[in-house]
Amino acid sequence: MPEQSVSGHPLAPAWLPVPPDAATLDPVVFTSQYARDASGCVTVDGVPVTELARRHGSPAYVVSERTFRSRARGFREAFERALSPLGVDVAVYYASKALLTSAVARWALAEGLSIDTASGGELAVALAAGVPGERIALHGNNKSAAEITTALRAGVGRIVVDSLAEIELVAALARELGTRAPVMVRVTPGVHASTHEFIATAHEDQKFGLSLAAGAEGEDSPALQAVVSCLDAADALDLRGLHCHIGSQIFAAEGFAQAAQRVLALREAVASRWDVVLPEVDLGGGHGVAYTAADSPRGVEEIAADLAALLPAVLESSSLPAPHLSFEPGRYIAGPAGCTVYTVGTVKTVTVEQGVQRRYVSVDGGMSDNARPVLYGADYTAVLANRVSHEAPVLSRVVGKHCESGDVVVKDVYLPGDVQRGDLLVVPVTGAYCWSLSSNYNWLPRPGIVAVGEGGASREIVRRESVADLLARDCEI
Ligand SMILES: *Cc1c(COP(=O)(O)O)cnc(C)c1O
């Protein structure tokens with residue numbers, strides 16, 4: 001029977017619209033760096049993806065430098081503009097775990113951001129990129145002594161401490177080095193947010209942070225105990241403030257405001273008991289992006305404005321001067337700046353049940369270059385990128401080449417009926433948490449990262465792995 005190509009494919013999720021024309025680049029996910037040229041080829045900042053694949057190979061991560069930088073700058077400016085009328089200074093730390101290379105770190109720095117790292121490796125890359133120590137933050141729930149020492153030697157601007165034992169460790173290492181460590185206490189405010197919802201709870205069951213909820217028998221909360229131990233170790237620790245991070249893919253401001261309220265209440269308690277005004281509060285990252293047409297994040301300008309509208313009530317409940325606020329966006333900046341270019345191989349249609357078929361379009365990568373569908377059930381979309389087809393759209397599943405049946409890149413997407421071996425697909429919004437989560441599963445060489453710069457010049461900012469790279473650490477060859 002013919003493949004089904006009109007609305008109501010029984011296997012299509014309800015949110016997936018049948019495109020009137022599968023060549024259309026939906027502006028929700030194909031942001032301003034994308035277009036089609038006269039021959040129908042998708043371009044990234046004016047460069048046809050056919051040319052990128054020819055020059056740099058396939059699959060390839062492609063990052064628009066302009067988009068990355070304008071999102072970094074746009075985030076910073078949106079929060080500065082919204083919060084400065086409230087007398088609140090803003091700093092933005094790019095959460096480098098989303099995507100980090102030395103070029104990426106320099107882009108963030110050049111746009112006035114600092115860099116948030118969560119391991120010795122991320123710290124090393126930021127330092128190698130020339131990021132000044134004072135513009136780097138070090139996070140992590142299990143920092144090693146070596147990581148802390150490296151951070152202290154580099155003069156990092158803040159170490160976000162995550163446990164009472166770590167406070168003692170940082171203090172001891174700072175004393176050994178004859179320095180004073182700038183620290184923030186990571187608190188778990190009991191606010192968990194994603195997309196448009198947040199939930200508020202009293203107790204926390206997670207590895208990160210120190211709870212704001214009082215302990216048994218009404219003893220001080222772990223967060224307050226942490227503040228006290230930082231203040232007690234004032235010879236070695238410079239307590240800069242409080243930090244929280246409430247989730248990811250957050251589309252609304254309310255969760256941030258609720259978290260701010262709880263964190264500022266702790267700041268108030270500290271001031272009234274010890275007469276210490278903590279100057280800084282960090283509200284973390286988690287600002288959401290659209291991966292498919294089903295997502296509708298509020299723009300960062302709107303989130304900043306919403307937060308600015310909610311904050312006065314929060315600030316007025318405290319007698320203290322407003323703190324400096326900082327944010328740590330990762331996905332928001334890097335996600336939409338990147339895409340993955342794949343080459344189509346095997347195309348196979350299977351019968352799922354009587355009269356219902358699904359088309360599998362296999363590409364030359366998969367879960368090794370994008371683990372998010374497997375890890376989180378994340379949805380993406382894709383388009384036929386090397387040409388325009390006027391064949392009717394067919395519900396398709398884009399899959400990788402790994403030995404796992406769960407190796408899905410795009411679970412459900414309508415692609416033209418004549419997609420065939422050798423075609424190129426572009427999967428947008430793969431700039432965050434794809435390259436950084438990539439692996440060599442099945443010994444696939446990891447793709448390089450191609451940056452498209454001003455004026456349409458493309459260059460590899462990380463080169464593709466070779467077979468020699470795959471063998472390089474095998475000690476018995
Ligand atoms: C992961 C993380 C971020 C960034 O999260 P995004 O969802 O990429 O914005 C920021 N801060 C902390 C502490 C994190 O763990």
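Descriptive notes on the structure:
- Residue pairs meeting the criteria (Cβ under 7 Å; at least 6 apart or on separate chains; first within 19 Å of residue 298 (Cβ to Cβ), in region 227-253; second assigned to a strand (DSSP E or B) and within 9 Å of the ligand (Cβ to nearest atom)): 250/287
- Residue list for region 227-247, restricted to those being buried (at least 21 other Cβ atoms within 10 Å of the Cβ) and either among the β-branched types (Val, Ile, Thr) or within 16 Å of the ligand (Cβ to nearest atom) (or both): 227, 240, 241, 242, 243, 244, 245, 246
- Elements of type strands (runs of 3 or more DSSP E) contained in region 33-104, each with 3 or more residues being of a type outside the set (Gly, Ala, Ser) and within 17 Å of residue 425 (Cα to Cα): 42-44, 60-64
- Just one of (1) more than 15 Å from the ligand (Cβ to nearest atom); (2) at pLDDT 95 or above; (3) surrounded by 18 or more Cβ atoms within 10 Å (Cβ to Cβ); (4) within 28 Å of the chain's Cα centre (by Cα) fails for residue 290. It is (1).
- Yes/no for residue 281 being hydrophobic (A, V, I, L, M, F, W, C), in a strand (DSSP E or B), within 16 Å of the ligand (Cβ to nearest atom) and crowded, with 22+ Cβ neighbours inside 10 Å: yes
- In this entry, residue 239 is excluded by the filter for residues that are closer than 24 Å to residue 313 by Cα and either more than 27 Å from the chain's Cα centre (by Cα) or part of a strand (DSSP E or B) (or both).
- Counting residues in region 287-300 that are touching a residue at least 60 places away in the same chain (Cβ under 8 Å), part of a strand (DSSP E or B) and touching a His at 6+ places or on another chain (Cβ under 6 Å) gives zero.
- Check on residue 183, crowded, with 24+ Cβ neighbours inside 10 Å and under 22 Å from the mean Cα position of the chain (by Cα): no
- Residues that are in contact with a Gly (Cβ under 7 Å, 6 or more places away or on another chain), modelled with pLDDT of 95 or more, within 16 Å of the ligand (Cβ to nearest atom) and in a loop (DSSP other than H, G, I, E, B) do occur in region 159-169, at least one of them.
- Checked across region 401-423, the condition of being away from the ligand (no atom under 16 Å from the Cβ) and free of Cβ contacts under 8 Å to residues at least 12 places away in the same chain holds for at least one residue.
The values are calculated or read from the model by the stated rules, or taken from the named source; none is laboratory data. Treat the numbers as computed from the prediction; the structure is a model and nothing was measured. Note: ideal-geometry Cβ built from the backbone for every residue, glycine included; neighbour counts use all protein chains shown.
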